[in-house]
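To start, the structure under review is shown below, and the notes come after it.
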Amino acid sequence: MSKDYSKYFAPSIKDARKRLNKETNTVLYNLDEELLGIGIDKTYSIKTYGCQGNLADSEKIAGIMEELGYTLSNDEDRADVIFFNTCAIRDNAEQRVFGELGRIKNIKKDMPNSLIVLCGCMPQEEATVEKVKKTFDQVDIMFGTHNIHKLPEYLKEAYLTKEKIIEVMSFEGDIIENVPLKRAHNVKAWLNIMYGCDEFCTYCIVPYTRGKERSRRPKDIIEEVINLANRGYKEVTLLGQNVNAYGKDFTDLSYSFADLLNDLNKIDIPRIRFTTSHPRDLDLDTILAMAKGGNIMPHLHLPVQSGSNDVLKKMNRKYTKESYMEKIELLKKHIPDISITTDIIVGFPGEEDEDFKATLELVKEADYEGAFTFIFSPREGTPASKYEDNTPNEVKKARLQELNKLVNEGYAKGNKRFENRVVQVLVDGVSAKDEAILTGYTSHNKVVNFPGSKELIGKIVDVKVEKAYSWHLKGKLV
Ligand code: 5AD
Ligand code: SF4
């Protein structure tokens, strides 16, 4: 098939750095009625990589596809439209997608009219788009994170013109409300409260792939939560790259993340969670809103990244180890039972042994009950990808191992404190190993397994914890 890139709308990392417009427009999604039905008798599948933001985006993609008449395929590799909703945060996430693209290359032999779509964060990177253009002829449509709502147009164009469709915006997007959603769960929901990130941590690609920070209007969020509560949803997780910056972009309204938590706490829904918090922007008002309890769950994910002030500075995190620990103290003072987890990067360029030791010290001091740990992965276009990095890979791997040992002790200790306590569990389903065992999450976000019948799935039940393990709790229904 010959290539026509006349539709090529290039991403630009340089442009993506710009923050041109403080104001955010809210636009209502509107489907051209002519397109209704273009998916009748056709199937789709979606493979989602990366964070909850992508899972939430996939629910929008599924919602749009079903509105167009497509049905979900029961074979991921054999659908009329195959989506790869991708992640760019680390190189290994990208390599997995390239591997998958290679693997399904031959689908076009059996299904010549099928379409392969690459979307999400990878198409927001110039280098990726170039690589796909050169190496992965099988990809028919590429679009980025700002234009999911235009998917129906891309499909129509791809069917009509048989050309490759590449449209990736590098400027800040609008907020599109009313996009149809097909939620993956019927009692737990993801809910975007804001998009984008303006922090520009030097290692991170997200401000480039997700654009500027823009908050949804409080009214739209509150209405959505009330609607979910009315439909029997039990848990809502508020999503944003830096939820503590929520509302800072409003020009006509003074309304903060703490205000949002306080308003959502009045709604009759059992559980509100949120992710992710930035330590610098986490304020006392938010801590006090959490301290009120109610439906705000006593768990906080507060990425620290490093315990070394030198490294934090090079990362542009805008806090010190000391100011971070002050926030931890405040959290523990106002919410004594809180469970705190974090993210840590080892092997950042220039990280010396002492820096790494400072990270280990901080992990002990903060008493984390869990952490996601990563080796630094240079992302093209970010400042840190150009920093001199002399640490050998073996040293980085050894540091990661040492850190993980400590982090695992934190997991075990954090679980142990629940032994003999009665916890509330939102039942997710049956255990993968044993149909007679139910599994779910406590308010503190710990996994609990216990014997019980399937009718309890989707309900919140009391469970007495009998034994704590490193990765889960075991208990009995009360
Ligand atoms: N290399 C390694 N880890 C990264 N993260 C973000 N960017 C990188 C990178 N370039 C980690 C951070 C962040 C989490 C979502 O991913 O710890 O909090
Ligand atoms: Fe990336 Fe930093 Fe923004 Fe988090 S706060 S998404 S690490 S730039």
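Bear in mind these aren't lab numbers, they're just calculated from the coordinates by the rules spelled out. Since the model is a prediction, treat every value here as computed from it, not as a measurement. Neighbour counts run over all protein chains shown; Cβ positions are idealised from the backbone, glycine included.
For helix 393-416, report the angle its Cα long axis makes with the longest principal axis of the Cα atoms of the chain; keep it between 0 and 90° and round to the nearest 10°.
60 degrees
Express the relative contact order of the chain as a whole percentage, based on alpha carbon pairs under 8 Å and six or more residues apart in sequence. Let's see the in-between values first.
Working: 964 pairs, mean separation 54.6, N = 478.
About 11 percent, as a whole number.
Considering only N74, G63, I104, whose Cα is most displaced toward the positive end of the charge dipole of segment 59-110, charges sitting on Cβ of Lys, Arg (+1) and Asp, Glu (-1)?
Result: I104, furthest along the dipole toward the positive end.
If I take R0 = 30 Å and measure r between the Cβ atoms of K416 and E455 in this structure, what FRET efficiency does the formula 1/(1 + (r/R0)^6) give, to the nearest 0.05?
Values: r = 31 Å, r/R0 = 1.03.
With a Förster radius of 30 Å, E is 0.45.
Taking the Cα centre of segment 417-459 as origin and charging only Cβ (+1 Lys, Arg; -1 Asp, Glu), how large is the dipole, in debye to the nearest 20?
Values: 6 positive and 5 negative charges, 39 e Å.
So the dipole magnitude of segment 417-459 works out to roughly 180 debye.
Starting from the Cα coordinates of segment 180-275, work out the convex hull volume and express it per residue in Å³.
Expressed per residue, the convex hull around the Cα atoms of segment 180-275 is 110 Å³.
About its Cα centre, what dipole magnitude does the chain give when the only charges are +1 on Lys and Arg Cβ and -1 on Asp and Glu Cβ, stated in debye to the nearest 20? It would help to have the intermediate numbers written out before the result.
Values: 69 positive and 74 negative charges, 174 e Å.
That gives the chain a dipole magnitude of about 840 debye.
Just name one of S170, Y319, N192: the one whose Cα is farthest towards the positive end of the charge dipole of the chain (beta-carbon charges, Lys/Arg +1, Asp/Glu -1).
Value: Y319.
What size of dipole, in debye to the nearest 20, comes out for segment 91-156 about its Cα centre when the only charges are +1 on Lys and Arg C-beta atoms and -1 on Asp and Glu C-beta atoms? Walk me through the intermediate numbers first.
Details: 10 positive and 10 negative charges, 54 e Å.
Dipole about the Cα centre, nearest 20: 260 debye.
Between N74 and R217, what's the calculated FRET efficiency when r is the beta-carbon distance and R0 is 41 Å? Round to 0.05.
Details: r = 38 Å, r/R0 = 0.94.
It comes to 0.60.
From largest to smallest, what semi-axes in whole angstrom does the chain give when each is the square root of 5 times an eigenvalue of its alpha carbon gyration tensor?
Numbers: eigenvalues 256, 160, 109 Å².
Each semi-axis is the square root of five times an eigenvalue, giving 36, 28, 23 Å.
Evaluate the relative contact order of segment 210-271 (contact order divided by residue number), counting alpha-carbon pairs under 8 angstrom at least 6 apart; express in whole percent. Could you put the intermediate results ahead of the total?
Working: 42 pairs, mean separation 28.0, N = 62.
About 45 percent, as a whole number.
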